[in-house]
1. Where Lys and Arg each count +1 and Asp and Glu each count -1, what net charge lies around residue 208 among other residues with Cβ under 11 Å from its Cβ?
2. Calculate the FRET efficiency for residue 264 and residue 205 from the Cβ-Cβ distance with a Förster distance of 22 Å, rounded to the nearest 0.05.
3. Give the long-range amide H neighbours of residue 210: residues separated by 5 or more places, or on another chain, with amide H under 5 Å away, using H modelled in the peptide plane at 1.01 Å from N.
4. Between residue 32 and residue 228, what's the calculated FRET efficiency when r is the beta-carbon distance and R0 is 30 Å? Round to 0.05.
5. Report, please, the projected area of the stretch 145-217 averaged over directions, based on the convex hull of its C-alpha atoms, in nm².
6. Taking square-rooted eigenvalues a ≥ b ≥ c of the alpha carbon gyration tensor, is the stretch 213-259 rounded, prolate or oblate, where a/c under 1.5 means rounded and, failing that, a/b exceeding b/c means prolate?
7. Straight-line reach from residue 78: which aspartates and glutamates have Cα under 18 Å away, leaving out those fewer than 8 places along the same chain?
8. Please label the shape of the stretch 44-142 as rounded, prolate or oblate, based on the square roots a ≥ b ≥ c of the eigenvalues of the alpha-carbon gyration tensor (a/c under 1.5 means rounded; beyond that, a/b larger than b/c means prolate, else oblate).
Amino acid sequence: MTGQTDHALRGDYSRMRPDYTVDQDWDVYRPEEHALWRRLFDRQAALVPRYACDEYRAALVRLDLGAAIPRFDAINRKLAAATRWELVAVPGLVPDLVFFEHLANRRFPVTVWLREPHEFDYIVEPDVFHDFFGHVPMLFDPVFADYMQAYGKGGLKAHALGAIEMLARLYWYTVEFGLVETPAGLRTYGAGIVSSGGEIRHSIESPEPNRLGFDLLRVMRTRYKIDTYQETYFVVRGFDELFEATEPDFAPYYRTLAAQEPLAASAVLPGDRVYHRGAAPTQAA
Ligand code: PHE
Ligand code: CO
């Protein structure tokens, strides 16, 4: 998730470097934290075979994340060999430009702190479990890894063009809450879904949300919910589609979008490729 938040940030920002990175300080994690990690991991790992895409699952089995909060440097050796990405430790959410700059250089910021036990089911800000379990496996997929870097570069550009909000919607509906069509049915690759005990099922099986074909401009026009399950999920037919759709220069798209009203998170448009129409979506004009 990007660094847009209205409340005081959780995390210790007192010892960071200018690029917001810190040392992971793995030895400081307490036994209870490793135990909580194991509980979070076990619940999600049991759901992954049914709901996550092959690319995610293939990486997860290679990573051996089940025993304890992972050491970033151990994972970095595997990640560098796979896609030349690198994890960097951060205190928590970082400003948009810092985030984009890291992605543009194939560095993924991972929050160091773990949630409290009472946040087992739901957490407002990304913690090490969300960042790690949700995002890191997908960085092992070569096409998705390139998409993430392109997104970082695009973010730096969008910032200069005043279009961060539109680009953030793309991140939200792909990197965080994206679905992919597979021969076995819809599966998730989105980090916000795959790290969530409830939404992973909801996103694939619930009759409530819309599931609509990915369309770049449509997605960048669509508002999103941050405090409930998503009302709409967008489906790509593969990561090549995502990469290719986002390759063109977005500057003219941003001009087009600036002249249009954003769409409600629940909207279904006549031109949408509808996989599933939600139980009670608001009809848009
Ligand atoms: N092609 C986009 C641009 O010109 C950059 C981008 C790539 C944005 C991939 C998002 C994802 O701004
Ligand atoms: Co995230």
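Throughout, read-outs are computed from the coordinates displayed, never taken from laboratory work. Since the model is a prediction, treat every value here as computed from it, not as a measurement. Glycine gets a Cβ as well: all are built from the backbone with ideal geometry, and neighbour counts include every protein chain shown.
1. 0
2. Working: r = 23 Å, r/R0 = 1.05.
The value I calculate is 0.40.
3. 232, 233, 278
4. 0.50
5. 5.8
6. In terms of gyration-tensor shape, oblate.
7. Result set, ordered by chain and number: 55, 64, 86, 131, 141, 146.
8. Oblate, because a/c is 1.5 or more while a/b does not exceed b/c.
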